[in-house]
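First comes the structure, then the notes that go with it.
No value in this document is a laboratory result; all are computed from the given coordinates. As the structure is a prediction and not an experimental result, all values here were calculated from the model. Here the Cβ positions follow ideal geometry from the backbone for every residue, glycine too, while neighbour counts run over all protein chains shown.
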Amino acid sequence: MPENKQETHGSLLVGRLAPSPTGGLHLGHARTFLIAWLAARYSGGKVVLRIEDLDWSRVRDQARAAALVDLRWLGLDWDEGPDVGGPKAPYVQSERSWLYEEVLDRLKASESVYPCTCTAADIERAASAPHAEDEGPTYPGTCAHRSAADAHPLRDRPFAWRFRVPPGPVAWDDLFLGRVELDPSRLGGDFVVARHPAGHSYQLAVVVDDAAMGVTQVIRGVDLVPSTTRQILLYRRLGRPVPAFGHVPLAVTPDGRRLAKRDGSVKLTTLRQARVEPERLVGSLVHSCGWSETAVPMTPKEAIDHYAPTRFPAQPWVVRPEWLDWLVGS
């Protein structure tokens, strides 16, 4: 085996790309997906592409096809995915609900979850003192006395299945952030894994899919750090190996706002239509990571040798107007 290949959980490293078709991919997505791709290919690993479309209220049909076009235009490829198939198909979350339901049944059987009828307003009122590091009010455990069987009398009444979060911190060695330690019992508390009758949550689906697809390395935005504590708890409760996690600082505007899909000027589709050379963009993204002295045009394959996770800026990447002007050649 070549030196740069590594074994994880007894098999070749498997990374993944998981776009959500809720709008066009932007420069921040491009940077994170490129880093995830480089991390897998640098280690001689596989790449799985999965469409995460459970947020049906925000999903846009045209965005699913556009995401694949954008990623291929950037120069990325994958070994398994909705367009190339693979042994763990389907690779679209909305087509995998039966798997999530099987796992949810296991969690019910072990009393790891309970039915919760609290509204968001109920939780807000019950929160005594929010913590600065929290995403929102910590769930006060109002319905935690219930057992899984208590869902039967609720019949068609809407409710959520909450995962019982044990006390104490959850820690991991992040590929970019170093040692991270957070207490999920204070960072939101018992969290939702499904809603009746709406469907399953992101937290549950991601763990089920990554475990089923053999994903051993997850690289994504730093905004998902709180989710990592919850997902690690789910991996442990389900008895599945926990993948290595790496969280990338976000792309932001000069005034500090994170890039969003509504920022049309930085969408990959817009850059394609402006005939921006993808190699020019890739070289600039590699440079933004501190892995090259100048922004030299290159393909993702040419960028593999530049990948250096120990040399990565901790600060957000500021996308400046003058850089965008240079990129499009204006």
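Annotations
- Ordered by the number of other Cβ atoms lying within 10 Å of each residue's own Cβ, fewest first, Thr228, Thr119, Thr270 fall into the sequence Thr119, Thr270, Thr228.
- Contact order for region 137-270, expressed relative to its length and based on alpha carbon pairs under 8 Å spaced 6+ residues apart, stands at 23 percent.
- Across region 7-328, the mean sequence separation of Cα contacts (distance under 8 Å, 6 or more residues apart), normalised by length, yields a relative contact order of 20 percent.
- Simple point charges give the picture: +1 on the Cβ of Lys and Arg, -1 on the Cβ of Asp and Glu, and for the chain a dipole about the Cα centre of about 380 debye.
- On full extension, the segment bounded by Ser94 and Ala308 gains 73.5 nm, given 0.36 nm per residue less the C-alpha separation.
- Helix-only mean residue ellipticity at 222 nm for the chain, each DSSP H run of n ≥ 4 adding -39500 (n - 2.57), per residue, nearest 500: -9500 deg cm²/dmol
- Cα convex hull, region 230-330: 155 Å³ per residue, rounded to a whole number.
- Modelled spin-label separation between Leu238 and Arg320, with each label point placed 7 Å from Cα along the Cα-to-Cβ direction: 4.4 nm.
- Using a Förster distance of 25 Å, the FRET efficiency for Thr270-Asp61 (Cβ separation, nearest 0.05): 0.80
- Region 191-204 - phi-based ³J(HN,Hα) in whole Hz, Karplus 6.51/-1.76/1.60, Gly and Pro as x: 10, 7, 10, 6, 10, 9, x, 5, x, 9, 8, 4, 4, 5
- Counting neighbouring Cβ atoms within 10 Å and putting the fewest first, the residues Phe176, Phe163 line up as Phe176, Phe163.
- Proxy reagent accessibility, fewest Cβ within 10 Å first, across Glu52, Glu302, Glu293, Glu111: Glu293, Glu111, Glu302, Glu52
- Globularity index of region 153-268, i.e. its alpha-carbon radius of gyration over 2.2 N^0.38 Å: 1.23
- Note on the chain: Cα convex hull, mean projected area over all directions, 17.7 nm².
- Spatially near lysine pairs across the chain, Cα under 20 Å, sequence gap of 8 or more or different chains: 4
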